[in-house]
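A short worksheet on the structure shown next.
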C-alpha cells in the first residue's frame, strides 16, 4: 500500500525553497501559495522564470507536478452577498487557477467563504458561479489543473461544511467543465463541523461514503490535520497528529481507506520553526515527524 504524502512547507526564500524543504523531508507531495494569501491577488501573474525554476526544482525533488496543490488566498469570499466582494473573490479565484495552470500543478483549492446574512443556498450558487467563471476564464492545458472546494469547520455562516452544500456549488458548473473541478476534505474541519471520523473506522467510513454518494465522486485531496478543539466545536485550529482531539488511530483508518489512494495527502500541522532563513532548505523537524508517522500506518 502506497500513499502520496506531503505538507504545506514554509516558502521563505520563495516557492522553490518550499519544494526543497519538501524534498528534504522525503515528501511525495507539496502544498504551496503562488501569491501572498492575505490579499486578493487578482492582478498577480506568474513569471516565466519563476515557473521554470519551480518545475526544475520539482524534477530534482522527484515530486510529480500532479501531486502539487496550490492553496488559494484566505481572503477570497466567493459566497459573499456583497457584489464588490464577490466580484473581487471571483476574479481572485480565476487568477489562482491561471497561476496554478502556469505552474502545471494538479489543482488549486480554496475555502468557499461566508454567506453572511444572506440565504445559504444562494451563497452556494455564488460559489459555484465563481468556479464557473474561473474555468471559463482559464483554458485547460495538458496538466489538467483543477479547482477544488475545501470543506470547512462550520464557524458562523461559512459555507461548505456539508456534502450537500458542496454538491450544490458544483451543480452550477456546466457538464462540459465539471471534470475540471471537485472537492477535497480536511480532517480537522470534518471533526470540528460535527462529522464523526474518530469514534471508529465504521463511523469514519460512513462520513466518507456520504460525501462520495452526495457529491458523486471521491475527494481530490485530503488535508491530514488533528484538531486542537473538541468534536463539533466549529473551530479551525490544527494540531499535530496524535496530539489533538482526533488522535492518531483515525489517521490509520484513513490511510487504509481506498479513497486516500492516488491523491495528495497534505499535512497542515504546526511546524517547530516559527521563522526560517531564506537560504535554509532543511526540513522542519515536526514536518519530518508527521511524514514518518503517517508512513508508519501503511
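Residues of the stretch 14-24 that are over 17 Å from residue 71 (Cβ atoms) and surrounded by 23 or more Cβ atoms within 10 Å (Cβ to Cβ): none at all. Test residue 210 against the criterion of being out of contact with any helix residue (DSSP H, G or I) (no Cβ under 7 Å at 6 or more places or on another chain) and more than 21 Å from residue 63 (Cα to Cα), and give yes or no. It is false that residue 210 is out of contact with any helix residue (DSSP H, G or I) (no Cβ under 7 Å at 6 or more places or on another chain) and more than 21 Å from residue 63 (Cα to Cα).
Filter the stretch 1-20 for residues that are in contact (Cβ under 8 Å) with a residue 24 or more places away in the chain, over 19 Å from residue 186 (Cα atoms) and assigned to a loop (DSSP other than H, G, I, E, B) and give the result. Spell out how you get there, then give the answer.
First, the residues of the stretch 1-20 that are in contact (Cβ under 8 Å) with a residue 24 or more places away in the chain: 1-10, 12-17, 19-20.
With the extra rule that they be over 19 Å from residue 186 (Cα atoms), the set shrinks to 1-2, 10, 12-17, 19-20.
Within the stretch 1-20, 1, 2, 10, 12, 13, 14 qualify.
Among the residues making up the stretch 21-36, those that are assigned to a strand (DSSP E or B) and more than 10 Å from residue 58 (Cβ to Cβ) are 29, 31, 32. Scanning the stretch 154-180 for residues that are within 17 Å of residue 135 (Cβ to Cβ) and crowded, with 23+ Cβ neighbours inside 10 Å yields 166, 169. Please state which of the following conditions residue 156 fails to meet, knowing it meets all the rest: (1) part of a loop (DSSP other than H, G, I, E, B); (2) modelled with pLDDT of 95 or more; (3) on the phi > 0 side of the Ramachandran plot. So residue 156 meets the others, but not (2).
The values are calculated or read from the model by the stated rules, or taken from the named source; none is laboratory data. This structure is a prediction, so every number in the text was calculated from the model and none was measured. All Cβ positions, even for glycine, are placed from backbone atoms using ideal geometry, and neighbour counts span all protein chains on display.
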